[in-house]
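> After the structure tokens below, expect a handful of questions from me.
Rule-based calculations on the coordinates, nothing more; no lab input. Note that this is a predicted model, so its numbers are computed, not measured. For neighbour counting, all protein chains shown are included, and Cβ atoms are generated from backbone atoms with ideal geometry for every residue, glycine included.
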Ligand code: MF3
Ligand code: CO
């Protein structure tokens, strides 16, 4: 069942989203050569807690950290640890924030220091733009797979592949709610979008081919061909008109 959110829940999701987006910005600043993924995770966790919010990833299905940090050919769910970030690494940070029982989820990929090649820069920009291509269909009158098809078409037109094994999702009081929001598929299928739904659109894109495998830590998903990957995610609210991105930093006053 897809639950329509109440105005009260939406307000809390906005707050969670603002903290999540600020935490993502912080992670981007920390993702520099020489930093360990553990350092980044701990600083992001401290920031989330300083805002009286909860790093919801900790303990989710036994996950041990506040953030997922996935480097280069790691697509998602990399566990922060001793790994030292190197110049030109692609650092994907995914995090969830809980505020008064409501959740915001967002991710982005950053380049540490100087880019290794133009293809890396293009991969990040196509992944981010793919989110916005999907977002155009995130409104009443469309169905979930209209978002999926828009993301896939844009990514493939630009010579990259969308990951199939992980998908976007509904969100609210749980990190993962119905519906699933894949980044691939034919348009015109799946649930109809309705005002008050909250979903995560999260293109996961790689430069090579899309099959992935999970490392022996039970979490880290890497591309089988070793090609580099990027991720971009926001939590959004379906409205009567333009969708509202909930994972945006608080406006400065
Ligand atoms: N934030 C992820 C998503 O986009 C899920 C995090 S998995 C966890 O769905 F185990 F780290 F919580
Ligand atoms: Co996420």
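> Please compute the Kirkwood hydrodynamic radius of the range 103-253 from all pairs of different C-alpha atoms, in Å with one decimal.
15.8
> Per 0.36 nm of contour for each residue apart, how much would the distance between residue 132 and residue 39 grow if the chain were fully extended, relative to their Cα-Cα spacing?
30.4 nm
> For residue 29 and residue 253 in the same chain, what is the full-extension length gain: residue separation times 0.36 nm, less their Cα-Cα distance, in nm?
78.4 nm is the gain from fully extending residue 29 to residue 253.
> Report the semi-axes of the equivalent ellipsoid for the range 120-162 in whole Å, largest first, where each axis is √(5λ) for an eigenvalue λ of the Cα gyration tensor.
Equivalent ellipsoid semi-axes, largest first: 21, 10, 5 Å.
> Then there's this: Dividing the Cα convex hull volume of the chain by residue count, how many Å³ per residue is that?
In the chain, the Cα hull volume divided by residue count equals 121 Å³.
> Provide, for q = 0.09, 0.16, 0.22 Å⁻¹, the log10 of I(q)/I(0) from a solvent-free Debye sum over equal Cα point scatterers in the range 1-148.
-0.31, -0.93, -1.34
> To continue, here is another question. Debye calculation, C-alpha points only, no solvent: report log10 I(q)/I(0) for the range 158-241 at q = 0.18 Å⁻¹, in the same order as the q values.
-0.86
> In nm, to one decimal, how far is the residue 165 label point from the residue 192 one, both placed 7 Å along Cα→Cβ?
Result: 3.6 nm between the two label points.
> Could you pull out which residues in the range 201-239 have an amide N less than 20 Å from a spot 7 Å beyond the Cα of residue 115, following the Cα-Cβ vector?
203-209, 227-233
> What would the Debye equation give as log₁₀ I(q)/I(0) for the range 9-88 at q = 0.19, 0.20 Å⁻¹, counting only Cα atoms as equal point scatterers?
Values, matching the q order: -0.83, -0.91.
> Want the number for residue 46 to residue 11: 0.36 nm per residue separation, take away the alpha-carbon distance, what's left?
Between residue 46 and residue 11, full extension yields 10.3 nm more.
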